[in-house]
1. Restricting to the range 295-318, and then to whatever is part of a loop (DSSP other than H, G, I, E, B), at pLDDT 90 or above and touching a strand residue (DSSP E or B) at 6+ places or on another chain (Cβ under 8 Å), can you tell me which residue is farthest from Ser387 (Cα to Cα)?
2. For the range 303-312, what are the residues that are in contact (Cβ under 8 Å) with a residue 60 or more places away in the chain and either surrounded by fewer than 24 Cβ atoms within 10 Å (Cβ to Cβ) or of a type in the set (A, V, I, L, M) (or both)?
3. Filtering the range 576-611 down to residues that are part of a loop (DSSP other than H, G, I, E, B) and polar (S, T, N, Q), which residue is nearest to Arg504 (Cα to Cα)?
4. What are the residues in the range 285-303 that are under 13 Å from the mean Cα position of the chain (by Cα) and not β-branched (Val, Ile, Thr), if any?
5. Is it the case that the range 79-90 has a residue that's modelled with pLDDT of 95 or more, surrounded by 24 or more Cβ atoms within 10 Å (Cβ to Cβ) and among the polar types (S, T, N, Q)?
6. Consider Leu456 carefully, then state whether it is of a type outside the set (Phe, Trp, Tyr), over 30 Å from Ile162 (Cα atoms), in contact (Cβ under 8 Å) with a residue 40 or more places away in the chain and out of contact with any Asp or Glu (no Cβ under 6 Å at 6 or more places or on another chain).
7. Are any residues in the range 594-612 within 18 Å of the chain's Cα centre (by Cα) and of a type in the set (Val, Ile, Thr), and if so, which ones?
Amino acid sequence: MNEWGNAALRLEDYQDLHRASIAEPERFWLQEAARIDWSQAPTRGLDFSRPPFARWFPDGMTNLCANAVDRWAARRPEDPALIAVSTETDTERTYSFAELLAQTTAWAAAFRSLGVGVGDRVLIYMPMIAEAVFAMLACARIGAVHTVVFGGFASGALAARIDDAAPKVIVAADAGSRMGRIIPYKPLLDEALGMADHRPHKVLMVDRGLAPIHWAHHDIDARALVEANRHVEVAPVDLPSSHPSYILYTSGTTGKPKGVQRDTGGYAVALAASMEHIFFGQPGGVFFATSDIGWVVGHSYIVYGPLIAGMATILYEGAPTRPDPGVFWRLVERHRVRAMFTAPTALRLLKKEDPRHLTGYDRSSLKALFVAGEPLDEPTSRWIADSLGVPILDNYWQTETGWPILTLCRGLTDAPVKPGSPGLPVYGFDVQLVDEASGEPVPAGDKGVVAIAAPLPPGCLTTIWNDDARFVRTYFQSIPGKMLYSTFDWGVQDEEGYTFILGRTDDVINVAGHRLGTREIEEAVTTHPAVADAAVVGVHDEIKGQTPVAFVVLKDASRAGEALSQEIIQAVAREIGALAKPSSVNFVPALPKTRSGKVLRRALQAIWEGRDPGDLTTIDDETALKAVLALRRAAAKD
């Protein structure tokens, strides 16, 4: 028996449970629906009368904020709920559930005073500060639909999101900070508003005192307005389960933004179940996700998931290495963190640092470290597992799904970890690997497109905001003749159902008629002990069609040189074969990535081929891209 009183199922038994969740989805999910509070309990699990659109718990009424805050404020008001930590401003404050309820209610009243009601949109353009969470929860409380945009996002992309979501109110801050560098938000927002066609009613500004604010006629001091509404009572609004809870725009969007729309009841149930079945959730525990609220992990596992589970959640503003590379583990020790969630990017960054920063803290409270956002390479997985001495549980999912598609549900099964695989299909997800041309299932061991049979389980996107046709066209029509949601990822599944992700379907290199996944080559590159991180792209070759080019971050930059380049090329030849050898290995200080940790492979490919790299608004570190540009110019001269 595991600590929740459920049997830790053998692999075969978990597979039986998974099959039951697919065969009888209504029955399975109605049982899980008991995990949350309903103002009107659902009697139906699913309305799938208009495929591929799924409406979960269609006759149920509930409220996300009530489940995340009110019910715990009533039961355990003094327990910690939100721990806001900033190593950028050297501040830390813990809010109890009672305090979180008071803050959220005051923000809800402030929104109401500006005319915000059910269905109205509120755009949140904020750093990782407590007010951002208050604003999100306040929207959920009154039935408004929030859309969080990464703080510091470029003006053009922000303007496109303003026009698409048409928010009644925008919430912003004077500035954010990264590695001690102040990033003023107000000029970016003002420029975006000048570019956008839509005009919000008001802009609420949180003044942190980091950068000057040039107040416009539509700007309001957020803290003053919230204080003026401090004693106004605002009860949670009873909402249909299918009511939109938020819009989240996928990173790297070009052209018209693609707004993932999430529901209310299905999302709450999916998160409540996942916290217990996957993430070691337990009321009174502490959860630490190192993500950003502008990314889906921030929505699901910084804000809503842990709070729905009755846990305290750490909201962290800062970098993994500021003030030193031990900051994550210091927080684990100080707050007795039960479960932690981070990205492989952060781990590879820490892997380059002195090991004493990892071993000098008490981590005995930590039950597991979860990773997602990009594939976890085996060397990094083994390094962090050996260093921490706790399970390292990879999980694979997308902005669109809202919670994991593939992982090992430690609340349900003791199935073993297989390095390189995030694990098994999660209950509710009918994962199929299919041939991209025929849509037919591929045999175990063969490469196929990772797809999910409709209906998608609760918590997944219900549509694209204001564009049902695009939802169908994008996700359900790329695989011919089948109603399958395409993840646009390649994968291989073994006989036991473990899936190995090989990379995007558009990240495939065709070398002399042979198709090679970039992820396969990257895995081979990172087997070299000198390599900390790597990205591989296919570039045009007159003879072979395409050839692999590698961009490599070293643990010790002083080792860069032709000899090491040849060692890495030979490592690829050993792991995959001579056909996969990179035509060049380029040493860079960092890889250009989005704020959610995705490598901008298309941009790397375009630069190396001398083309326009396109929309780079989601890039997190411009110095990485500048280094690639410099290398390309040098190569062109040669």
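1. Here the residue is Ala309.
2. Selection gives Val303, Leu307, Ile308, Gly310, Ala312.
3. Ser596
4. Ala289, Ser291, Asp292, Gly294, Trp295, Gly298, His299, Ser300, Tyr301
5. No: the range 79-90 contains no residue that is modelled with pLDDT of 95 or more, surrounded by 24 or more Cβ atoms within 10 Å (Cβ to Cβ) and among the polar types (S, T, N, Q).
6. No; evaluated as a whole, the condition is false for this residue.
7. Passing the criteria: Thr594, Val599.
Residue-wise test of (1) modelled with pLDDT of 95 or more; (2) under 23 Å from Arg50 (Cβ atoms); (3) not assigned by TED's automatic domain parsing to the domain that holds Ser242.
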residue	(1), (2), (3)
Trp403	yes, no, no
Leu406	yes, no, no
Pro425	yes, no, no
Phe429	yes, yes, no
Pro457	yes, yes, no
Thr463	yes, yes, no
Arg473	no, yes, no
Gln477	no, yes, no
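The values are calculated or read from the model by the stated rules, or taken from the named source; none is laboratory data. Nothing here was measured: the structure is a model prediction, and the numbers come from that model. Heads up, the Cβs are rebuilt from the backbone with ideal geometry, glycines too, and the neighbour counts pull from every protein chain shown.
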